[in-house]
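Asks: Can you keep this structure in mind? I'll have questions shortly.
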Amino acid sequence: MIVFHEVSKQYDGLTALADINLEIGDSEFVFLTGKSGAGKSTLLKMIIREEQPTSGKVFVDDLEISSLPSSYIPKLRRKVATIFQDFKLLPQRTVFENVAFPLEILGLDDPQIKKTVGEILKLVSLEEKLDNFPYQLSGGEAQRTAIARAMVLRPEIILADEPTGNLDSGSAWEVMQLLAKLNSLGTTVVMATHNTDIFSSLPHRTLIMDEGRIRDEGKQTKASAKPKKK
Amino acid sequence: MNNLPRLLKVSFQRITRNPYNAFAAIFVMFLTFFISGLVVLVTVSSNQVLGFFESRPQVTAFLKDGTTSDKIKEIQDRLNKTEIVSKTKYISKEEALEIYKARFSSEPLLTEFVTAEILPASIEVSTYKLADLSSVAEILRSDSSVDEVIFERDIVETLQAWVKAIRNIGSAVVVFLVITSFLITLIVVGLNISLHKDEIEIMKLVGAGAWYVRTPFIFEGVFYGLFSALLASLVLLGLFLWMLPVLQSTFVDIPIFHNKVQTFGLVLAGEVLVGSVIGIVGSLVATRKYLNV
């Protein structure tokens, strides 16, 4: 569960987030939408402690994020994976190596890595591209690689910051299908997006942000209203 | 431990992908270790030359022909009583001939017509301190049986001055070069950190810990230090082996580098140790300063 308790964030007098109170249950799928600069990305960054609140507290399960020792942050980021609009793939590593990277960090041996990465790449339909470098991939393929990398440690939460922002509509829907699949397997997904077509056509909880505040809460599915336990 | 070969591989890739940075670091560090090694070897050999002159009979008194053995014994006793003399040795005409023949054994023309008769007998006198040579020389000169006195005070004093100068200037140059090497390691590793800024950012976002990010950069610094030290030691060894015949013919009687293997072993071990320390400290400082993990 993710909890924001009276969280505010200011940069040099400018308010990025103002008095946010929010609960996101286990296995929920939540859209964050709003204009550029509304505070969507800042909110996501606070969950993985890329940003610290000026005031208030952020919790992931029982962990209070802002008071975590910095040595615990890598562990947090393995529990909460992130997908970005610009994919953030390691350019000098192949698809296989990019997806294998989080497993390497954990110190898994090569046969284990090969097996796990093979399974994940099959799931995102990239088993034919495993030796390709990021510059040899289409936008959709690059984003699916990024999703595979996020999935590989089987995180409890996936944060997606405009994951379809650089994609054509076909690729965008492929990415959404993958995220939906992950959610159906029990992963909490929090996705920031501008794409009206996507969030308006899917039955998930939608938080509309404006000037650092959650102005409105859109539709809510049965699943998101009553978070299911894994 | 599973990650060690992986991190070594990452480090190696980063070095080979930025060969000019690596070349700059290795070149400067090679120069440091080459000159440091040279200073050490020159200092060691100068000390050996100095030691040789200090330990060999330092005053030689050539005796007039016909000096009796009683007179010789009297001179030796008088010298031994002064307590500044460590050793006296009488060299007879026959022994002088043997020494002469041994020294010029490769040049028969010089030995062919020399007989014991034309060589003087002598007394070789060693002192505990270099400063006492003059007193001993005075005692010997005052004796009527002594024909001529020679001693190597000037050689020893000049050598001492040279060894001191080599040691001081060499140490200053080595300190300067070690500091330069440390700074070069810091700059090159820092530059590589800047070049991999995006990669480091991604590594952190997918859960890499501080040491996972840092370690390849530390390996990089260690590689520069170790590789340069080994290379410099090998070049020094090659240079020494190439010059050995010339050195041996120049310093005929002086046993410079009589412990060649030990001396080179120590130079190699010292350079590898200093190289590793410069690499580790330089890259650690660079990661502390430029790597925000």
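Asks: What FRET efficiency comes out for B:Lys71 versus B:Ala131 if R0 is 41 angstrom and r is the Cβ-Cβ distance? Round to the nearest 0.05.
Replies: Using R0 = 41 Å, I get an efficiency of 0.90.
Asks: Determine the per residue accessible area of the protein assembly as shown with all protein chains present and a 1.4 angstrom probe, expressed in square angstrom.
Replies: 51 Å²
Asks: State the three equivalent ellipsoid semi-axes of the range A:31-124, derived from the C-alpha gyration tensor as the square roots of 5 times its eigenvalues, in descending order and whole Å.
Replies: Values for the range A:31-124, descending: 29, 18, 11 Å.
Asks: A follow-up question, please. Near A:Gly170, within a Cβ-to-Cβ distance under 15 Å, what is the net charge of the other residues, with Lys and Arg +1 and Asp and Glu -1? Please list the in-between numbers first.
Replies: Working: positive: A:Arg144; negative: A:Glu141, A:Asp168, A:Glu174, A:Asp197.
That sum, taken over residues with Cβ under 15 Å, equals -3.
Asks: What does the charge dipole of chain B about its Cα centre add up to, to the nearest 20 debye, if the Cβ of each Lys and Arg holds +1 and the Cβ of each Asp and Glu holds -1?
Replies: 1920 debye
Asks: So how far, in whole Å, is the C-alpha centre of the range B:22-80 from the one of the range A:41-92?
Replies: Taking the Cα centre of each part, the range B:22-80 and the range A:41-92 sit 70 Å apart.
Asks: Using a 1.4 angstrom probe with every protein chain in place, what is the largest-first accessible-area order of B:Lys164, B:Lys81, B:Lys71?
Replies: Ranking B:Lys164, B:Lys81, B:Lys71 by accessible area, largest first, yields B:Lys81, B:Lys164, B:Lys71.
Asks: Another question, if that's okay. Give the interface area between chains B and A as buried accessible surface, both sides summed, probe 1.4 Å, in Å² to the nearest 100.
Replies: 1700 Å²
Asks: Please compute the alpha carbon radius of gyration of chain A, then divide it by the globular-protein estimate 2.2 N^0.38 Å. Two decimals is fine.
Replies: So chain A has a normalised radius of gyration of 1.00.
Asks: Here's a follow-up. If you average 1/r across every pair of different Cα atoms in the protein assembly as shown and take the reciprocal, what Kirkwood value do you get, in Å?
Replies: 29.9 Å
Asks: Exceeding 19 Å between C-alpha atoms, which entries from my cross-link table qualify? They are A:Lys79/B:Lys197; B:Lys129/B:Lys260; B:Lys64/B:Lys129; B:Lys93/B:Lys129; A:Lys57/B:Lys204; A:Lys9/A:Lys35.
Replies: From the list (A:Lys79/B:Lys197; B:Lys129/B:Lys260; B:Lys64/B:Lys129; B:Lys93/B:Lys129; A:Lys57/B:Lys204; A:Lys9/A:Lys35), the Cα-Cα distance tops 19 Å for A:Lys79/B:Lys197; B:Lys129/B:Lys260; B:Lys64/B:Lys129; B:Lys93/B:Lys129; A:Lys57/B:Lys204.
Asks: Could you give me the ³J(HN,Hα) list for the range B:28-39, computed from phi with Karplus coefficients 6.51, -1.76, 1.60 and θ = phi - 60°, whole Hz, x at Gly and Pro?
Replies: Coupling constants for the range B:28-39: 5, 5, 4, 4, 4, 6, 5, 5, 4, x, 4, 4 Hz.
Asks: Still on this structure: Could you size up the charge dipole of the range A:8-148 around its Cα centre, putting +1 on the beta carbon of Lys and Arg and -1 on that of Asp and Glu, and report it in debye to the nearest 20? Present the calculation step by step, with values, prior to reporting the outcome.
Replies: Values: 17 positive and 20 negative charges, 44 e Å.
With only Lys, Arg, Asp and Glu charged at Cβ, the dipole is about 200 debye.
Asks: Whole angstrom only: what separates the Cα centroid of the range B:217-291 from the Cα centroid of the range A:136-174?
Replies: The range B:217-291 and the range A:136-174 have Cα centres separated by 52 Å.
Asks: Can you give the accessible area of B:Phe52 in Å² (nearest 10), computed on protein heavy atoms with a 1.4 Å probe?
Replies: 40 Å²
Asks: Same structure again: Give or take rounding to whole Å, what are the principal axis extents of the alpha carbon atoms in the range B:59-151, in descending order?
Replies: Its Cα atoms span 42, 28, 16 Å along the three principal axes.
Asks: Sticking with this structure for a sec: Pick out which of B:Val42, B:Val206, B:Val174 has the largest mean-square fluctuation in a Gaussian network model of chain B, springs linking Cα atoms closer than 10 Å.
Replies: Largest GNM mean-square fluctuation: B:Val206.
Asks: Using a 1.4 angstrom probe on the protein heavy atoms only, could you order B:Leu291, B:Leu159 from most to least accessible area?
Replies: So, going from the largest accessible area down, we get B:Leu159, B:Leu291.
Asks: Here is a further query. If you fit an axis through the alpha-carbon atoms of helix B:260-290 and take the longest principal axis of the Cα set of chain B, what angle between them do you get, 0 to 90°, nearest 10?
Replies: Compared with the principal axis, the helix lies near 30 degrees.
Asks: Another one. Under 8 Å for C-alpha pairs, at least 6 residues apart: give me the relative contact order for chain A, rounded to a whole percent.
Replies: Reported relative contact order: 31 percent.
Asks: Starting from the alpha-carbon convex hull of the range B:198-293, give the projected area averaged over all orientations, in nm².
Replies: Average projection, Cα convex hull of the range B:198-293: 7.8 nm².
Asks: How high is the FRET efficiency between B:Gln248 and B:Ala24 when r is their beta carbon distance and R₀ equals 41 Å, given to the nearest 0.05?
Replies: Computed FRET efficiency for B:Gln248 and B:Ala24 comes out at 0.60.
Asks: Ok, one more. Might you report the magnitude of the Cβ-based charge dipole of the range B:59-151 about its Cα centre, with Lys and Arg at +1 and Asp and Glu at -1, to the nearest 20 debye?
Replies: Dipole of the range B:59-151, to the nearest 20 debye: 280 debye.
Asks: For the range B:188-211 and the range B:86-121, what is the separation of their C-alpha centers, rounded to whole Å?
Replies: First find each Cα centre; the distance between them is then 75 Å.
Asks: I've got another one for you. Using Cα positions and a limit of under 12 Å, work out the aspartates and glutamates in reach of B:Lys9, with same-chain residues fewer than 8 apart set aside.
Replies: B:Glu220
Asks: Probe radius 1.4 Å, ligands and nucleic acids ignored: give me the carbon and sulfur share of the accessible area of the protein assembly as shown as a rounded percent. Intermediate values should be presented prior to the final figure.
Replies: Details: 15670 of 26550 Å².
The C+S portion of the solvent-accessible surface of the protein assembly as shown is 59 percent.
The values are calculated or read from the model by the stated rules, or taken from the named source; none is laboratory data. Computed from a predicted model, the values in this text were never measured in an experiment. With ideal geometry, Cβ positions are generated from the backbone for all residues, glycine too; neighbour counts draw on all protein chains shown. For the accessible areas, the whole protein counts, side chains as well, though only heavy atoms, and no ligand, DNA or RNA atoms are used. Shrake-Rupley method; radii C 1.70, N 1.55, O 1.52, S 1.80 Å.
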